[in-house]
Every structure is written in C-alpha cells, then in structure tokens.
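Have a look at the structure below before the remarks.
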Amino acid sequence: MRLTVIGTGYLGATHAICMAVLGFEVLGVDVDAAKIGKLAAGELPFFEPGLPELLTKALESGRLRFTTDFREAGEFGDVHFVCVGTPQRAGSDAADLTYVDAAVTALAPHLRRRALVVGKSTVPVGTAARLAALLRELAPAGERVELAWNPEFLREGFAVDDTMRPDRLVFGVTSAWAEQRLRAAFEPVLAQGVPVKVTDLPTAELVKVAANSFLATKISYINAMAEVCEATGADVHDLAEALAYDERIGGRFLRPGLGFGGGCLPKDIRAFAHRAEELGVGQAVGFLREIDGINRRRRARTVDLVVELCGGQVAGRRVAALGAAFKPDSDDIRDAPALDVAATLHRMGAVVVVYDPAAMDNARRAHPELAYATSALDAARDADVVVLLTEWNEFRDIEPSAMAAVAGQPRIVDGRHALDPASWRAAGWEYRALGRPVVQ
Ligand code: NAD
C-alpha cells in the first residue's frame, strides 16, 4: 500500500516520516517548494525531538520521497492523507478551509483509480461530507474515490511517540472498504494494541474539537480559580495540587499560569463555537467563549504583574522574557502567549530581551522589534524584571543565585508555575506567580 501525505507541516511531515519508518512507501506533497527541498535533503524545517533522526532513517530506506507535483501524488498513492493547515480566518472566528479545499481540488483530477482520501486536518463538522461530494465530482475515478476522516491528536514535543503509539485512533468512514483500508494503513500501530474507534464522518470530525475544547476548558478552569485566589489571598498552586488527588479530576492540564496558545487550541475552540452557532446550537458550547476570555485575561494579568514589579510603569525598564514558543520542546510560535506578553510590554515602552532554546528564528521573524539574547542569563543581564513565559526544563534548571548575580534587580514573575518559589526567595528574589499570594 502506497501513501501520500499532502501538507508537510508539523503534522504532515511527522506523519509521512513515521509511516515510512513503519514500512510504507510514502510520498510527501506540499505547495511550499522550499519546505519540500529541505525535507528531501534530510533537513527538518521545524524543531521536534527525535524526528530529525527518523527523517534520515526514512530517506535512507528509500521509502520516503517528497514532491510538489499533485499528478505524481495521484498516480502514486492508494491512500492520500490530507494534513494541510486550517488556521483561523482573518477577521472571523471561523476556520479557514481554503487550504483543505485547494489540496483536494488539486489532487482530485489525478485520481484515476480506486483510492481513499483521508482527512487528518482539524475541520468544522460537515466539512468531510462536502469534500466527499467534491471528490466524486472532480475525480476521474468518480464513486471509486472515497473519503474518510482520521483526526489527529499528536502533541508537538511528543509528536513521534504520539504518532507511533497514540492513545487511540479514530476512523470516520462511510464503507467497510474504507475501514479496511485504514486498518491496513495503521496495521503496525494497531498491532501494538492501540484502541480504534470506528464511526461516521461527522462524529470523527467532532471528536477532535470536542477533545481540544475539553483540554482548553480544564486549563481555563484552573486559571479561573487563579483569578479568585488573587482576590482572596489563596494559593492556586496548592488548590490545584489538592484537586489533583481526586482521580475523577486528575492533575494533567490543571497547571495554573499563562494559559494556552499555539496553532490548535485557541483557533479550534473559536472555530467550534462559530460552527455551532451556524448549526443553531451555539448555546450548547457558548461556554467556549468564556474559556477563551479567561485564557486571554491571563496574558493581560501577566503583563500587569511585570508592571507592578516595576513600580507601576515599564517604560524604559528592561524585561528579560524567558521563552517564546507556545510550549516547551517546540519552536512553534503561533498564537504564543509568551510572545504576546513580550510584544505587549514592548509596546508599553519596555526594553524586552527574549531568549528561547528553540524558537529564536521564528520569534525574530515575527517580532523583529524585540531584542534577543543568546542564553537565559544573557537575557537577564541588567534586567529590572525576569518573566518566565514558556516552561522549558532549561529554565527550571536555572541557578537562582547565578541569575541574581547578573540581573539588575532580583525580581521574577513565574508565568508558568515552573520554579520553586522557596529557593528563588532564598536567593534574594522577589518571586511572583499568577494566583499565588505575595510573600514579603
Ligand atoms: P502547518 O502550517 O505546520 O502545515 C501545513 C502545511 O500545509 C504547510 O507546509 C503548507 O505549506 C501546506 N499546504 C498549504 N496548502 C497546501 C495545499 N493546497 N497543498 C499542499 N500543501 C499545502 O500546520 P500543522 O500544525 O501541521 O497543522 C495541520 C493541520 O493539523 C491543522 O488542521 C491542525 O489544526 C491539525 N493538527 C495539528 C497538530 C499540531 O500539533 N500541529 C495536532 C493535531 C492536529
């Protein structure tokens, strides 16, 4: 069975590489010729632990190739995975489906024999049925081209493990043949005992946005508690720990702080709320607007804490921003809370010096107005305030006394509850964290 993977970004490149390592012949397809050139040369265009080694291995095996040619893709593949982006539409909460539509429209005229097209991108419910009709209309093989949906749950930073051994697979299908093809395409994964849920197209589309909505809700829930803690002198860190002992609640995604960002959660909950409104069931998920609002307020509150520590105004003050990526172990800066906070402080007149272990190039491109350092200590040099914005392990390992020796003022805002307040205070730091009481 030969596979094509259309769209070779974070999701598609990972999927293509892992499927080739698992033994399939794979052709990766993208409209971005520079990206395809890099991948073909063995260079991963983004940071993902463990993936560069697998790219080399897959290329050496001869089973992985890349192209920008959709005709080649149509002729090559038995199963075509669609992994293109579905960002937020400019000026709207809706998902922008132009890339998905363009990919299917470009592939379809080259589908001359029986084939399965499998959507992996995150889309508003109802998209799959529309694309199935489009394929039937445009593909020379007509009814012999089927569409299935296989939503993707990988996490950047854990993308290889999540692809090789996901928590579950979801197959949205309209025929036994499509299910059988998907089972064959994922045979090496299923052989490890990974559970699979076979369902219809709309349910498969919904599983993804329902999962992301749940995760976003859990994060905003504890951050809402942080807001209440701030008004009462209670400690949200202790509150979260105490809640987590309840197995029905659990501690994962219950870490208070600066909140979620990235290329998925924020745009997915907005697109879901928007789609539900279109379907006349907006009220059912209206709470997602509040989840989004709580999340945005954490960014504003982090800026407030920095201002507070600077004595009420930041103009001309030096702020060390530790972190730029939306999460650790990634170079992805899409809707990154860290850069949002850094850019806001810059607009308020602060001199913001950013350091991130992996996302410096992306951050520089998106925010050339900010200053950049070569290490966390370099960023903290002469700083009036240090603010930790992405919880990289490298920042957890900082020696508080070493940073105190270079900082202008030993004041830190721990935007991710990543540090041990006692050891920072013992080294002379004024330590503040969202939802935690002030200790004089
Ligand atoms: P990305 O922006 O990194 O990659 C998208 C790729 O699609 C780019 O390389 C782009 O050049 C390519 N592309 C655009 N139009 C194309 C076309 N017409 N034909 C071929 N290629 C085209 O995005 P991503 O993070 O990989 O996300 C892709 C999809 O997967 C989105 O729907 C996202 O919500 C979903 N998803 C992402 C993750 C994640 O962790 N990144 C996890 C689960 C689901």
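The values are calculated or read from the model by the stated rules, or taken from the named source; none is laboratory data. A quick note: this is a predicted structure, and the numbers were derived from the prediction, not measured. Here Cβ is always computed from backbone atoms with ideal geometry, including for glycine, and neighbour counts include all displayed protein chains.
With the condition kept exactly as written, say whether any residue in the stretch 280-296 is among the hydrophobic types (A, V, I, L, M, F, W, C), under 19 Å from His417 (Cβ atoms) and surrounded by 17 or more Cβ atoms within 10 Å (Cβ to Cβ). Yes. Within the stretch 20-34, the set of residues being closer than 24 Å to Gly262 by Cβ and out of contact with any Phe, Trp or Tyr (no Cβ under 8 Å at 6 or more places or on another chain) comprises Val31, Asp32, Ala34. Determine if the stretch 17-34 includes at least one residue that is surrounded by fewer than 18 Cβ atoms within 10 Å (Cβ to Cβ), at pLDDT 95 or above and under 26 Å from Arg130 (Cα atoms). Within the stretch 17-34, one or more residues are surrounded by fewer than 18 Cβ atoms within 10 Å (Cβ to Cβ), at pLDDT 95 or above and under 26 Å from Arg130 (Cα atoms). Does Ala379 satisfy the criteria of being part of a helix (DSSP H, G or I), touching a strand residue (DSSP E or B) at 6+ places or on another chain (Cβ under 6 Å), at pLDDT 95 or above and assigned by TED's automatic domain parsing to the domain that holds Val307? It is true that Ala379 is part of a helix (DSSP H, G or I), touching a strand residue (DSSP E or B) at 6+ places or on another chain (Cβ under 6 Å), at pLDDT 95 or above and assigned by TED's automatic domain parsing to the domain that holds Val307. The residues on offer are Val341, Val352, Val319, Val387, and the sole one that is buried (at least 17 other Cβ atoms within 10 Å of the Cβ), in a strand (DSSP E or B) and touching a Ser or Thr at 6+ places or on another chain (Cβ under 8 Å) is Val387. Against the list (1) within 16 Å of the ligand (Cβ to nearest atom); (2) assigned to a helix (DSSP H, G or I); (3) in the same structural domain as Ala129 (by TED's automatic domain parsing); (4) of a type outside the set (Asp, Glu), the condition Ala178 fails is (1). Within the stretch 87-132, the set of residues being assigned to a loop (DSSP other than H, G, I, E, B) and either away from the ligand (no atom under 14 Å from the Cβ) or within 14 Å of Arg144 (Cβ to Cβ) (or both) comprises Ala90, Gly91, Ser92, Asp93, Leu111, Arg112, Arg113, Arg114, Gly126. Among the residues of the stretch 180-210, the ones that are buried (at least 17 other Cβ atoms within 10 Å of the Cβ) and of a type outside the set (Val, Ile, Thr) come to 9 in all. If you take the residues in the stretch 319-349 that are touching a residue at least 12 places away in the same chain (Cβ under 8 Å) and over 28 Å from Arg255 (Cα atoms), which one is farthest from the ligand (Cβ to nearest atom)? Among those that are touching a residue at least 12 places away in the same chain (Cβ under 8 Å) and over 28 Å from Arg255 (Cα atoms), it is Gly349. With the structure loaded, tell me whether Pro151 is touching a strand residue (DSSP E or B) at 6+ places or on another chain (Cβ under 6 Å), over 20 Å from Ile17 (Cα atoms) and in a loop (DSSP other than H, G, I, E, B) or whether it fails that test. No: the conditions fail for Pro151. So, in the stretch 45-76, of the ones that are part of a loop (DSSP other than H, G, I, E, B) and not aromatic (Phe, Trp, Tyr), which residue ends up farthest from the ligand (Cβ to nearest atom)? Applying the filter and picking the extreme gives Gly62. If the condition is being basic (Lys, Arg) and more than 9 Å from the ligand (Cβ to nearest atom), then the stretch 1-36 contributes only Arg2. Scanning the stretch 88-108 for residues being in contact with a helix residue (DSSP H, G or I) (Cβ under 6 Å, 6 or more places away or on another chain) and not β-branched (Val, Ile, Thr) gives a total of 7.
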